[in-house]
Each structure stands twice: as C-alpha cells, then as structure tokens.
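Here's the structure, in structure tokens; my notes come after.
The values are calculated or read from the model by the stated rules, or taken from the named source; none is laboratory data. Everything numeric here is computed off the predicted structure, so don't read it as measured data. Cβ coordinates were reconstructed from backbone atoms using ideal geometry, including for glycine residues, and neighbour counts include every protein chain displayed. Please note that ligands, DNA and RNA were not included when accessible areas were found on the heavy atoms of the full protein model with its side chains. Shrake-Rupley method; radii C 1.70, N 1.55, O 1.52, S 1.80 Å.
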Amino acid sequence: MKLHQLFEMQRALDTYIQKNHQTNETFAERGLALVVELSELANETRCFKFWSTKGPSADEVILEEYVDSIHFLLSLGIEKGFDGLEDWPASGAKDQNLTQQFIQTGQSIYAFLDSLTFEDYKNIWMNYGALANTLGFTEEQIIQAYINKNEENYARQKSGY
C-alpha cells in the first residue's frame, strides 16, 4: 500500500487542528491516543472476551476503529520525520491469534514511544498490517475508510468537536 497520500492528508489535517487549537507539542497525547484507539479496536473485535458469547461488532465499525488508529500512527510519523515511509512494510505475521496480535501491536507502540526510532515506527506498521490481514481488510477498504474518516474529522473540527 502506498502511504504517501495518507501522510499528505494527515499532514493537512494536523496543520488545520494545530492552527485552530493553537497547539504545538502534542506528541505524547497522540501517542496515548494511538494506544487508546488500539484498545477501542480490540474492544470492537471482542477477541479477548472469553466470558461472553456476543460476537464482534460489524465489519464497518471495526474498520472505522482501525483507521482511527491509522490517523494517529501517521501523525506520529509526521512529527518525527518518518513520513518518507512510502510502502506499508510487510507484516511478517506469525501464527498468532488476534489477541496475541493486539498485545504485540501494543508492545510495538510502547517500544516506539520509548525509542522514537524509525525501525520501531516501521514495526508498528507491520503489526497493523498483520491486524488488517487477520481482520480481512483490503488495501482499498483501508484507504477509503481513512478518506471517509478524514472528511468526518474535518467536519467535526468545523462544528466545534
């Protein structure tokens, strides 16, 4: 998946938000937001809820939560100058169940927030790729959902969200 378009869209949204909220340094907040969005995604899949017989949310809901994470992942990369990442790194997914993938993805986020290295940033993308594969999302679905959510985020900003 080519990421250039998504980075450019995210850069424009970040600039719009920073201008309208007069914020500058929000890296830690965006890092925490990424962790929260990953948790919200896990919650919608219900993969860890062994005590419940209720199934996962609809695919559209799960996909929207997925791209919420992508917004913050892009934003963090822009802040650290890692927006030159052109292609989504290969996931290299192992034989893990969805719960294990969420744990590994969370660990990769915390590793990046601690190290701030390009390699750790790419590792988050690899883990999100593995999640997308397991959840059955295509490149086209992810891009379209990101575009839709990006438009919604602008509308929210304009309405005083």
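In region 127-156, the residues that are within 27 Å of residue 17 (Cα to Cα) and in contact (Cβ under 8 Å) with a residue 24 or more places away in the chain form Cβ pairs under 8 Å with partners that are part of a helix (DSSP H, G or I) and among the hydroxyl-bearing types (Ser, Thr, Tyr), at six or more places apart or across chains, as follows: 128/66; 128/69; 128/105; 142/66; 145/66; 154/16. Scanning region 81-99 for residues that are at pLDDT 95 or above and loosely packed, with under 14 Cβ neighbours inside 10 Å yields one hit, 81. Checked against the criterion of being within 24 Å of residue 108 (Cα to Cα), open to solvent by 30 Å² or more (accessible area, probe 1.4 Å) and either over 12 Å from the mean Cα position of the chain (by Cα) or of a type outside the set (Val, Ile, Thr) (or both), the candidates 30, 46 yield just one match: 46. A count restricted to region 100-130 and to residues that are open to solvent by 70 Å² or more (accessible area, probe 1.4 Å) and of a type outside the set (Asp, Glu) stands at 5.
Can you pull out the residues in region 133-149 that are in a helix (DSSP H, G or I) and exposed (fewer than 15 other Cβ atoms within 10 Å of the Cβ)? Let's see the steps before the verdict.
Applying the first criterion (in a helix (DSSP H, G or I)) to region 133-149 yields 133-135, 139-149.
Listed by number, the residues that qualify are 133, 139, 140, 144, 147, 148.
The lone criterion from (1) open to solvent by 50 Å² or more (accessible area, probe 1.4 Å); (2) at pLDDT 95 or above; (3) part of a helix (DSSP H, G or I) left unmet by residue 152 is number (2).
For residue 89, the conditions (1) more than 17 Å from residue 137 (Cα to Cα); (2) not small (Gly, Ala, Ser); (3) not in a helix (DSSP H, G or I) all hold with the exception of (1).
Taking the criterion of being in a loop (DSSP other than H, G, I, E, B) and open to solvent by 40 Å² or more (accessible area, probe 1.4 Å), the residues of region 2-27 that qualify are 22, 23, 24, 25.
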